[in-house]
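Down below is the structure, laid out as structure tokens.
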Amino acid sequence: MIMMNIPTSKHPRVVIIGGGFGGLALAKKLKNKNFQVVLLDKHNYHTFQPLLYQVATGGLESGSIAFPIRKVVQNYEEIYFRLAHVQRIDTENKKVIADIGTIFYDYVVIATGSTTNFFGNENITKHSMAMKTIPQSLNIRSLVLENFEEALLTTDRAEQAALMNFVIVGAGPTGVELAGALAEMRKHVLPKDYPDLDLSLMEINVIQGAPKVLDAMSENSSKRAEEFLGKLGVKVWTNEIVVDYDGKKVSTKSGKEFLSETVIWSAGVMGSMVDGFQKEVIQRGNRLKVNQFNQVDGFTDIFAIGDIATMMTEQTPIGHPMMAQPAIQQGQLLADNLVRLRDGKEMKGFVYNDKGSMATIGRNKAVVDLPKFKFSGFFAWFVWMFVHLISLIGFRNKLVVFWNWVYNYLMFDRQARLIVRPFKKKNEESFKNHNQD
């Protein structure tokens, strides 16, 4: 058995699996709390996922929404980061087994987040584009731009239309924001880049299985978002469920069909599970059942936070929303609870403080739902930008993103429309399976 090269310590060891919002919040709060902290992640950087769609549409470079994990924790005592793919947890022998070796733990925290849920549809999994990671966003950016380059090479208008028809499945914040960004590109950027293309053939179709867009937000915000999309020329199809995509044609349950070379799937997520648990603790959405202290059901030394955790209460019968705030708040409270648990004190139960939700739909257009206020339009757009800007990790990232936004706003341009890593189709009929992290 190969062991990770981690020094022994007189302090209890906390192994955190995942450097997302929850994992980093926990690690930072455990600073100087007399624990040895070992943070494992398959990437050496933290991704600010709410802005992935801007990378995909050329508004930002990937480096401006990523931050090195080692830099986050470099001034902390007794904290170690390892680049690793965790394979499973041996709960009986209290050890985490990864591709780089094995490590024993006193406490382990699973903060692996979520991955795209294709609901078991193999064709859709194979041919559509996911957008949960930076590499996937760069794939989308490359394919979008390559499609326009390819459209220049054909005189077949049906083929051109298919190359310039973008289908987004799912109208949550990700789908709505992506559709708005593509519509802004069509209006301000693409006519200058491709003056010899008939951009009237370009379509942006958003397909939503629910009766409304942004179905987790208020009725007013949903209606305003759909109005904004309509003004941008985005076609919204509600109460439509996509059942197949063969790389060329999208088919829905009602019989509608869309010819498209690019389908972006934002219709659902599921927990990014770690092996080692009985199926009894794995809940709907591939999430681990936890109690009010985020302890995995049946364990006192194994915790789960964020998207991977389902904390079912009377107020949250299906768990908390799979967003950044629940993960951050759970990570911060868990740090305090680990101190209490170590010291033999009673732990505090988690109560989610819902700070609201928001989505932007292009230039000067956004919707915001706060606990006591709901508003939309330019002020909501300004609030959206401010909240996302201050939430980024690192002064440089804040500065770069702010500068890019100012430039894009004033110049009606997107600087990062570069094909730096070409995305290749598998063959004439289908796309390469790209949905791995």
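The values are calculated or read from the model by the stated rules, or taken from the named source; none is laboratory data. For clarity, every value in this text was computed on a predicted model and none was experimentally measured. Cβ atoms come from the backbone with ideal geometry, glycine included; neighbour counts cover every protein chain shown. Areas reflect the complete protein model, heavy atoms only, side chains present, ligands, DNA and RNA absent. Shrake-Rupley method; radii C 1.70, N 1.55, O 1.52, S 1.80 Å.
I'd like the full set of residues that are over 21 Å from P326 (Cβ atoms) and not in a loop (DSSP other than H, G, I, E, B), limited to the range 361-380.
A366, F375, S376, F378, F379, A380
Starting from residues that are out of contact with any Ser or Thr (no Cβ under 9 Å at 6 or more places or on another chain) and part of a helix (DSSP H, G or I), keep the ones in the range 228-251 and report whichever is most open to solvent (accessible area, probe 1.4 Å).
K231
Hey, can you tell me all the residues within the range 106-120 that are assigned to a loop (DSSP other than H, G, I, E, B) and surrounded by fewer than 21 Cβ atoms within 10 Å (Cβ to Cβ)?
D106, N117, F118, F119, G120
Restricting the first residue to the range 137-157 and requiring it to be within 18 Å of Q49 (Cα to Cα), which pairs with a second residue that is open to solvent by 10 Å² or more (accessible area, probe 1.4 Å) and part of a helix (DSSP H, G or I) meet a Cβ separation below 8 Å and a spacing of at least six or different chains?
Within 8 Å, the pairs are S137/Y53; S137/S62; L138/S62.
Just to be sure, is K355 of a type in the set (K, R), in contact (Cβ under 8 Å) with a residue 12 or more places away in the chain and outside any strand (DSSP E or B)?
Working: of a type in the set (K, R): yes; in contact (Cβ under 8 Å) with a residue 12 or more places away in the chain: yes; outside any strand (DSSP E or B): yes.
Considered against the rule, which asks whether it is of a type in the set (K, R), in contact (Cβ under 8 Å) with a residue 12 or more places away in the chain and outside any strand (DSSP E or B), K355 comes out as yes.
Please verify whether the range 418-436 includes one or more residues that are under 22 Å from G180 (Cβ atoms), in a loop (DSSP other than H, G, I, E, B), modelled with pLDDT under 95 and open to solvent by 80 Å² or more (accessible area, probe 1.4 Å). Outline the logic, then answer.
First, pick out the residues of the range 418-436 that are under 22 Å from G180 (Cβ atoms): 418.
Pick out the ones that are also in a loop (DSSP other than H, G, I, E, B) and you get 418.
Filter once more, keeping what is modelled with pLDDT under 95: 418.
With open to solvent by 80 Å² or more (accessible area, probe 1.4 Å) added as a condition, the list becomes none.
Looking for residues that are under 22 Å from G180 (Cβ atoms), in a loop (DSSP other than H, G, I, E, B), modelled with pLDDT under 95 and open to solvent by 80 Å² or more (accessible area, probe 1.4 Å), one finds none in the range 418-436, hence no.
Tell me the residue from F299, F303, F293 that is modelled with pLDDT of 95 or more, under 22 Å from the mean Cα position of the chain (by Cα) and either within 17 Å of M347 (Cβ to Cβ) or crowded, with 23+ Cβ neighbours inside 10 Å (or both), please.
Being modelled with pLDDT of 95 or more, under 22 Å from the mean Cα position of the chain (by Cα) and either within 17 Å of M347 (Cβ to Cβ) or crowded, with 23+ Cβ neighbours inside 10 Å (or both) holds for just one of F299, F303, F293, which is F303.
Only one of F373, F386 is within 12 Å of G356 (Cα to Cα) and open to solvent by 40 Å² or more (accessible area, probe 1.4 Å); which?
F373
Scan the range 180-211 residue by residue and report those that are touching a helix residue (DSSP H, G or I) at 6+ places or on another chain (Cβ under 7 Å) and closer than 17 Å to V250 by Cα.
Scanning the range 180-211 gives M202, I204, V206.
Over 30 Å from T154 (Cβ atoms), open to solvent by 40 Å² or more (accessible area, probe 1.4 Å) and modelled with pLDDT under 95: does that describe R224?
For R224, the condition - over 30 Å from T154 (Cβ atoms), open to solvent by 40 Å² or more (accessible area, probe 1.4 Å) and modelled with pLDDT under 95 - is not met.
Just to be sure, is T91 buried (at least 16 other Cβ atoms within 10 Å of the Cβ), polar (S, T, N, Q) and under 30 Å from Q208 (Cβ atoms)?
No; evaluated as a whole, the condition is false for this residue.
How about the range 316-347: which of its residues are touching a residue at least 24 places away in the same chain (Cβ under 8 Å), part of a loop (DSSP other than H, G, I, E, B) and open to solvent by 30 Å² or more (accessible area, probe 1.4 Å)?
Within the range 316-347, I318, P321, M322, M323 qualify.
Which residue pairs have Cβ atoms closer than 8 Å, lie 6 or more positions apart in sequence or on different chains, and pair a first residue in the range 183-196 that is closer than 17 Å to Y407 by Cα with a second residue that is polar (S, T, N, Q) and loosely packed, with under 14 Cβ neighbours inside 10 Å?
Filtered contacts from the range 183-196: no entries.
Could you say which residue among L30, L51 is buried (at least 21 other Cβ atoms within 10 Å of the Cβ) and under 23 Å from V339 (Cβ atoms)?
L30
For the range 269-276, does any single residue satisfy the condition of being open to solvent by less than 20 Å² (accessible area, probe 1.4 Å), outside any loop (DSSP other than H, G, I, E, B) and touching a residue at least 40 places away in the same chain (Cβ under 8 Å)?
Keep residues of the range 269-276 that are open to solvent by less than 20 Å² (accessible area, probe 1.4 Å), which gives 271, 274.
The next check asks that each one be outside any loop (DSSP other than H, G, I, E, B); those that pass are 271.
Filter again for touching a residue at least 40 places away in the same chain (Cβ under 8 Å), leaving 271.
The answer is yes, given that some residue of the range 269-276 is open to solvent by less than 20 Å² (accessible area, probe 1.4 Å), outside any loop (DSSP other than H, G, I, E, B) and touching a residue at least 40 places away in the same chain (Cβ under 8 Å).
For residues that are open to solvent by 10 Å² or more (accessible area, probe 1.4 Å) and more than 14 Å from Y245 (Cα to Cα), tally how many sit in the range 121-144.
So the answer is 7.
Considering each residue of the range 18-41, count those that are farther than 13 Å from I69 by Cα and outside any helix (DSSP H, G or I), and give that number.
The qualifying residues number 8.
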